[in-house]
Each structure stands twice: as structure tokens, then as C-alpha cells.
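The values are calculated or read from the model by the stated rules, or taken from the named source; none is laboratory data. Please read all numbers here as calculations on a predicted model, not as lab measurements. Methodologically, a virtual Cβ is constructed for each residue, glycine included, from the backbone with ideal geometry; neighbour enumeration extends over all protein chains shown. The area values use the complete protein model at the heavy-atom level, side chains included, leaving out ligands, DNA and RNA. Shrake-Rupley method; radii C 1.70, N 1.55, O 1.52, S 1.80 Å.
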Amino acid sequence: MEGKATLRYIRISPRKVGIVCDQIRGKSVAQAGAILALIPKAAAEPLAKLVKSAAANAENNHGMDPEKLYVAETYATPGPIIKRFMPRAKGRAYRINKRTSHVTVVVKER
């Protein structure tokens, strides 16, 4: 049994979200929430909401004990890339890739 939550099309690159995911993997849900509250990264706030959502899904949908939950898996996969152009000298244009992520959090009971 596991509680799962996904966040799709978040406008942060998967590489940046992955750094925050690595910090909470394997921690209890309460400990992960405390860590995410103190991390000064843009991905910390949406990830904190996602962990709370996964814990609520586990408790309400599968009847798991919220005190025993831990973050079993968390990962960010690339979403679609929004392509933009930046004007440069001599009439050229450079492409800017605005990357998006799909983030998944899975919590299980110890």
C-alpha cells in the first residue's frame, strides 16, 4: 500500500527540483515537511504541498497511520519545454528553453 501524489507542468527545471527531492527521500513525512520549510529553493514550497497531499491520500484512501508514513520515492521527470527567443546582435536570435517538470511523491508506511 502506498499514497501517491503528482504535480504536473511545474515551471521549474527537473534538475533544480531533483536537488530538493534528494533532500527528503527516505525521511518521515513530518521530518520532510520540516526540511522543506527551511530550504531556500523555489521548488521547496510546491514539494511541501505535494508531500502533504500524498500523506493525506495515504491516510484517507488507504487507511494508513499518518505517524508511520515516510517518503519512499520522490522524483522529477521533464515535462514539455516552452521555447522562447532572445534577440541578439546583428539580427540573430538565440533560443531560450523554459523547462517544466512533472514531480511525483510516493509515501509508504514503515
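Straight-line reach from residue 108: taking Cα to Cα under 25 Å and skipping same-chain neighbours fewer than 8 places apart, the lysines in range are 4, 16, 27, 49, 52, 68. Listed by chain and number, the lysines whose alpha-carbon sits under 28 Å from that of residue 90, ignoring those within fewer than 8 places in the same chain, are 98.
Taking the charge dipole of the chain about its Cα centre, with +1 at Lys and Arg Cβ atoms and -1 at Asp and Glu Cβ atoms, the residue from 31, 102, 74 reaching farthest to the positive side is 102.
Taken about its Cα centre, the chain carries a charge dipole of roughly 1240 debye when the Cβ of each Lys and Arg holds +1 and the Cβ of each Asp and Glu holds -1. Accessible surface area normalised per residue over the chain is 64 Å², counting heavy atoms of protein chains with a 1.4 Å rolling probe. Among all helices in the chain defined by DSSP H, which have a length of 18 Å or more along the axis from Cα atoms plus a Kyte-Doolittle mean of at least -1.0? Span-like helices here: 44-62. Using a probe of 1.4 angstrom, how much of the accessible area of the chain is carbon and sulfur, in percent? Exposed carbon and sulfur together represent 51 percent of the surface. Rounded, prolate or oblate for segment 7-110? Axes are the square roots of the Cα gyration tensor eigenvalues, ordered a ≥ b ≥ c, and the cut-off for rounded is a/c under 1.5. Verdict is prolate for segment 7-110. Peptides 34-45, 64-75 ranked from most to least packed by the mean count of surrounding Cβ atoms within 10 Å: 64-75, 34-45.
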